[in-house]
Amino acid sequence: MEINGTSYERDVPASLLLVHFLRDDLDLTGTHVGCDTGSCGACTVQLGDEAIKSCCMLAVQADGASITTVEGLASDEGELTPLQQSFHEYHALQCGYCTPGMLMSATALLEKNPRPSEHEVKVALQGNICRCTGYWNIIEAVVAVGEKGTR
Amino acid sequence: MLLREVEYARPATVEEAITLLSEHDGARALAGGQTLVNVMKARAASPDVLVDLADLTELRTISFSADQSALEIGAMVTNTMVISSSEVEVARPILAEVAATIADVQIRNRGTVGGNVCVNDPTNHYPPLLAALGATFTIRSTSGERTASAEEFFVGVYVTAVSEGELLTKISVPTRKPGTGDAMAGITLGAHGTYVASAVATVSSEGVRVALGCVSSVPVRAMVMEERLAGGDLSEAAVRAAAEGLAASLDPPSDVHANAEYRGHLAEVSAVRAVLQAAERAKG
């Protein structure tokens, strides 16, 4: 499969979850394991252009697919995407555990809908739980990127 | 979470999938995996072979039947596809409206209509919806194809008419005729959470159909209420009167969210709300 533009070929047991393949086999530990039941969204990655929960998918199901993880957002030189920059400016994270999932859900939203309303942002982030920020700063950060017309 | 060891196959054709499912005891079809992967983590299911249906593109289409009387939804169509389908928007928009309230974006992107109905969790959205709309289910096996009505399809908690070696391929939903209104109402845990009680109503020139979710192992038709409304008076007073006694006629389960009596009450309230909204929509 292709992950963040790099091709990987591995033999894995069919029982391996995609999130464990990313974290344990490829050392892409930006994708977090939160609830491990498909509720919290900390493990969200992009499969093609869609946000999905990598704890609810087997690695073998992603054979041949194109995956983007949070490590694939910023440039190799460390330049943040406008969304990441906006999270920084709006203090959209505190402990940071949910942040990779939030970023991946919001990135998928902005690709389809570059200027989302507050309601559309809330709907897009419904599958992502944050226990620190009370969500407001996160929602404001995503809406602000749309208003600036950049991702 | 570590899953129990499992074999995996990703067939390229429906025939190949059916062969795999019929050849292996303990083989299980894997659709979107949004339920199955999680029940495998909990060891509530431990299939020996997963037959991944992901490459069966013929099961990922939404189209019209030859005579245009039904919308044919492939079993591998995701909720996100239902929400954005122009065919659904034209022919039976309630399907998209309900799909948009299932779980969250990520799960809607992976979760399929076929997977949802084959799980037949009594709290799921599609079972009462498809029962109220009078959907037909197409099931294939090595010996051919058969169809089942919603009444025949939903058999029990987590059990459907799809038996070992069989595969649900298609769900046919009658297209909406002019003057038809559909609505789903219910009580959820949180805005888009699991239903505690649900009801779907469809109002047309042929009468009223009401199906309840969460009150039994399968969707339950509110037949007495339907008969009382056959005269066509769908005023609020008439609908409330028609629903009287509905709760008492049910034998719903008790759980941490609602005891049996309260769940029955919620079902009756949901039925009234669904019929009133469907009646309003039937006016156009």
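The values are calculated or read from the model by the stated rules, or taken from the named source; none is laboratory data. Treat the numbers as computed from the prediction; the structure is a model and nothing was measured. Don't worry about glycine lacking a Cβ; one is built from the backbone with ideal geometry, like all the others, and counts go over all protein chains shown.
Does B:Val239 meet the test of being outside any helix (DSSP H, G or I) and either within 19 Å of the chain's Cα centre (by Cα) or over 23 Å from B:Val159 (Cβ atoms) (or both)? Judged against the criteria, B:Val239 is not a match. I'd like to know if the range B:193-205 contains one or more residues that are at positive phi, of a type outside the set (Asp, Glu) and either surrounded by 15 or more Cβ atoms within 10 Å (Cβ to Cβ) or assigned by TED's automatic domain parsing to the domain that holds B:Thr35 (or both). No: zero hits. Taking the range A:5-25 as the range and being more than 12 Å from chain B (Cβ to nearest Cβ) and surrounded by 18 or more Cβ atoms within 10 Å (Cβ to Cβ) as the test, the residues that pass are A:Phe21, A:Leu22, A:Arg23. Among the residues of the range B:24-34, those that are more than 9 Å from every other protein chain (Cβ to nearest Cβ) and at pLDDT 95 or above comprise B:Ala27, B:Arg28, B:Ala29, B:Ala31. Every condition in (1) out of contact with any Gly (no Cβ under 8 Å at 6 or more places or on another chain); (2) in contact (Cβ under 8 Å) with a residue 40 or more places away in the chain; (3) under 20 Å from B:Lys170 (Cα atoms) holds for B:Lys41 except the one numbered (3). For first residues located in the range A:32-47 and within 10 Å of chain B (Cβ to nearest Cβ) and without any contact (Cβ under 8 Å) to a residue 40 or more places away in the chain, partners that are surrounded by fewer than 23 Cβ atoms within 10 Å (Cβ to Cβ) and assigned to a loop (DSSP other than H, G, I, E, B) and lie 6+ apart or on another chain with Cβ distances below 7 Å form the pairs A:Asp36/B:Met1; A:Leu47/A:Ala65.
Is it the case that some residue within the range A:133-151 is within 14 Å of another protein chain (Cβ to nearest Cβ) and either under 30 Å from B:Leu2 (Cβ atoms) or surrounded by 16 or more Cβ atoms within 10 Å (Cβ to Cβ) (or both)? Yes, that holds for at least one residue. A:Thr68 meets the conditions (1) buried (at least 22 other Cβ atoms within 10 Å of the Cβ); (2) of a type outside the set (Asp, Glu); (3) more than 22 Å from A:Gly134 (Cα to Cα) in every case but one. The failed one is (1). Tell me which residues, restricted to the range B:11-48, are within 28 Å of A:Ser39 (Cα to Cα) and either assigned by TED's automatic domain parsing to the domain that holds B:Thr78 or among the acidic types (Asp, Glu) (or both). B:Asp48 - this is the single residue of the range B:11-48 that is within 28 Å of A:Ser39 (Cα to Cα) and either assigned by TED's automatic domain parsing to the domain that holds B:Thr78 or among the acidic types (Asp, Glu) (or both).
In the range B:131-171, which strands (runs of 3 or more DSSP E) lie fully inside it and hold 1 or more residues that are loosely packed, with under 14 Cβ neighbours inside 10 Å?
Per the criteria, B:144-149, B:154-156.
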